[in-house]
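Asks: To start, I am sharing the structure in question, which I have written as structure tokens.
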Amino acid sequence: MRLLSLGALLAVWIVAAGLTADPMILPQPWALVQPFAKAVGSGALPFHLGMTLWRVAWAFVLAMAVGTALGLLMGRYPSVDRWLDPWLVVFLNLPALVLIVLCYLWIGLNETAAITAVVLNKIPNVTTILREGARALDPGLAAMSQVYRMPPLARLRHVVLPQLAPFLTGAARSGLAVIWKIVLVVEFLGRSNGIGFQIHMFFQLFNVTMVLVYALSFILVMLAVEWLFLQPAEIRVRRWRLA
Amino acid sequence: MIRVAVRRKAFGATDVLRDIAFTLDPGETLAVLGPSGIGKSTLLRLIAGIDHDFDGEITRPERMAMVFQEPTLLLWRTALQNLTLVHPDLGDTAALAALGQVGIADKADLFPRQMSLGQQRRLALARAFAGRPQLLMLDEPFVSLDHDMAEEMLALTEALIAGARPATILVTHSEAEAGRLASRVLRLAGRPATILADSGARSKTPPPPRLGAA
């Protein structure tokens with residue numbers, strides 16, 4: 001089913017490439033194979049892909065950790081929520097580009113600024129989702145674990161986290177998709193390696209083929225992450241609902 | 001010995017409970033009776049230590065158990081895990097025996113949602129007794145059940161209490177349930193609620209409540 005759907009997308013591409021009939025603007029899919037092999041062989045593609053993945057991983061872990069902590073605090077304590085909610089609205093509506101440019105201007109053209117910009121872009125999103133999760137926690141179960149004096153770690157692992165699981169996986173999936181797009185913009189604007197940087201370079205050379213090679217190779221990696229890790233993890237935590 | 005002395009409990013500006021004091025001996029079964037909304041469940045939450053926001057003092061034992069109006073189970077863990085995670089000292093064998101006592105030993109590996117509501121309630125009872133509680137609290141445990149199931153659960157609860165003999169506090173608005181399970185009845189009335197009558201009040205009165213939360 002998935003393969004069929006991807007095949008349809010490929011068919012649209014082939015037809016569109018046939019209609020434009022100009023490999024400078026849109027090359028046929030098979031015209032990418034050789035440049036791809038060359039980029040892999042030279043080690044350029046694996047290097048830039050690795051740099052981007054490394055930034056995505058850092059930004060993802062930091063944004064999930066900070067966003068989850070903030071979301072739980074805001075969901076559990078209405079006074080904290082009243083104070084931080086206006087901030088959340090401001091950051092949710094701040095364009096990614098503004099944050100990125102400001103981070104580069106204030107922190108400098110370095111790795112810290114790049115990752116900070118991505119993390120700041122993603123935190124409000126995770127916080128909003130996890131705040132809903134914290135509000136949805138069942139007070140009856142909290143009372144139960146208290147009366148029976150369950151140890152704090154067991155409470156977290158067996159009472160709280162399973163209730164938050166759908167919110168956590170939701171934040172993780174939408175998070176990953178948003179983060180890698182922002183990482184590319186960050187690299188485009190102010191880094192000297194990574195997929196975004198390469199796309200910037202080939203954009204200036206007007207080399208559509210190489211832009212597509214780099215973009216597609218990263219999309220493939222993210223599809224693999226989605227299908228190999230995220231979806232199986234989600235199915236596992238949802239097992240009790242389906243049983 | 002369980003010693004309850006609640007001087008005052010309020011939600012906002014509204015006083016709910018006032019001067020409620022009694023003691024409970026080990027093995028004694030007490031029913032707290034009163035119309036709905038009087039504050040019986042509030043009192044039980046104070047005794048259970050779920051709500052600490054009140055004036056007064058409560059002495060409670062180490063091992064406590066509570067049966068709620070709803071089964072209140074971990075829906076994402078199996079029936080057996082619902083016992084072993086809540087009572088970490090309980091081995092699998094003891095947990096299986098506890099399930100057997102309420103007649104659902106064959107459901108050990110099922111998730112609660114795969115069981116009928118009656119079986120879920122039996123599991124909640126098994127969880128309560130598996131920890132060998134010194135104090136068992138029942139919060140209107142039969143209120144949402146139809147007549148047959150209420151009768152079945154009442155008989156099972158009666159048998160389990162007779163076997164384990166914990167000190168028991170049953171909160172209910174049903175005279176029949178109170179008469180069946182309890183040896184002593186405490187009636188709440190008024191607004192804020194106070195003790196109207198204590199059928200089993202002995203000569204020794206509990207010590208006067210002191211100021212400051214327990």
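Asks: Give just the number: which of (1) in a strand (DSSP E or B); (2) crowded, with 21+ Cβ neighbours inside 10 Å; (3) under 20 Å from the mean Cα position of the chain (by Cα) does B:Gly56 not satisfy?
Replies: Here B:Gly56 meets the rest and fails (3).
Asks: Hey, another quick one. Which condition from (1) within 11 Å of chain B (Cβ to nearest Cβ); (2) touching a Phe, Trp or Tyr at 6+ places or on another chain (Cβ under 6 Å) is the one that A:Ile129 breaks?
Replies: Here A:Ile129 clears every test but (1).
Asks: Being outside any strand (DSSP E or B) and either within 13 Å of B:Thr29 (Cα to Cα) or among the aliphatic types (A, V, I, L, M) (or both) is the filter here; which residues of the range B:168-184 pass it?
Replies: Matches in the range B:168-184: B:Ala176, B:Glu177, B:Ala178, B:Gly179, B:Arg180, B:Leu181, B:Ala182, B:Ser183.
Asks: For the range A:191-243: of the residues being outside any helix (DSSP H, G or I) and within 14 Å of chain B (Cβ to nearest Cβ), which is surrounded by the fewest Cβ atoms within 10 Å (Cβ to Cβ)?
Replies: Only one residue fits best here, namely A:Ala243.
Asks: Please state which of the following conditions B:Thr157 fails to meet, knowing it meets all the rest: (1) among the polar types (S, T, N, Q); (2) part of a helix (DSSP H, G or I); (3) within 14 Å of another protein chain (Cβ to nearest Cβ).
Replies: Condition (3) is where B:Thr157 drops out.
Asks: Consider the range B:73-87. How many of its residues are facing chain A (nearest Cβ under 7 Å) and surrounded by fewer than 20 Cβ atoms within 10 Å (Cβ to Cβ)?
Replies: So the count comes out to 2.
Asks: Here's a follow-up. Any residue that is in contact with a Pro (Cβ under 9 Å, 6 or more places away or on another chain) and at pLDDT below 85 - is there at least one of those in the range B:126-149?
Replies: Checking the range B:126-149: not a single residue is in contact with a Pro (Cβ under 9 Å, 6 or more places away or on another chain) and at pLDDT below 85.
Asks: Identify the residue in the range B:99-114 that is closer than 15 Å to B:Pro71 by Cβ and aliphatic (A, V, I, L, M) and, among all such residues, is nearest to the other protein chains (Cβ to nearest Cβ).
Replies: Filtering first and then ranking leaves B:Leu110.
Asks: Taking the stated definitions as given, is B:Arg63 surrounded by fewer than 18 Cβ atoms within 10 Å (Cβ to Cβ) and either in contact (Cβ under 8 Å) with a residue 40 or more places away in the chain or away from every other protein chain (no Cβ under 14 Å) (or both)?
Replies: So B:Arg63 passes the test.
Asks: Looking for whichever is assigned to a loop (DSSP other than H, G, I, E, B) and in contact (Cβ under 8 Å) with a residue 40 or more places away in the chain here; the options are A:Pro35, A:Pro23. Which one fits?
Replies: Exactly one of A:Pro35, A:Pro23 is assigned to a loop (DSSP other than H, G, I, E, B) and in contact (Cβ under 8 Å) with a residue 40 or more places away in the chain, namely A:Pro23.
The values are calculated or read from the model by the stated rules, or taken from the named source; none is laboratory data. Every value quoted in this text rests on a predicted model; they were computed, and no experiment measured them. Counting neighbours? That spans all protein chains shown, and the Cβs are built from the backbone with ideal geometry, glycine included.
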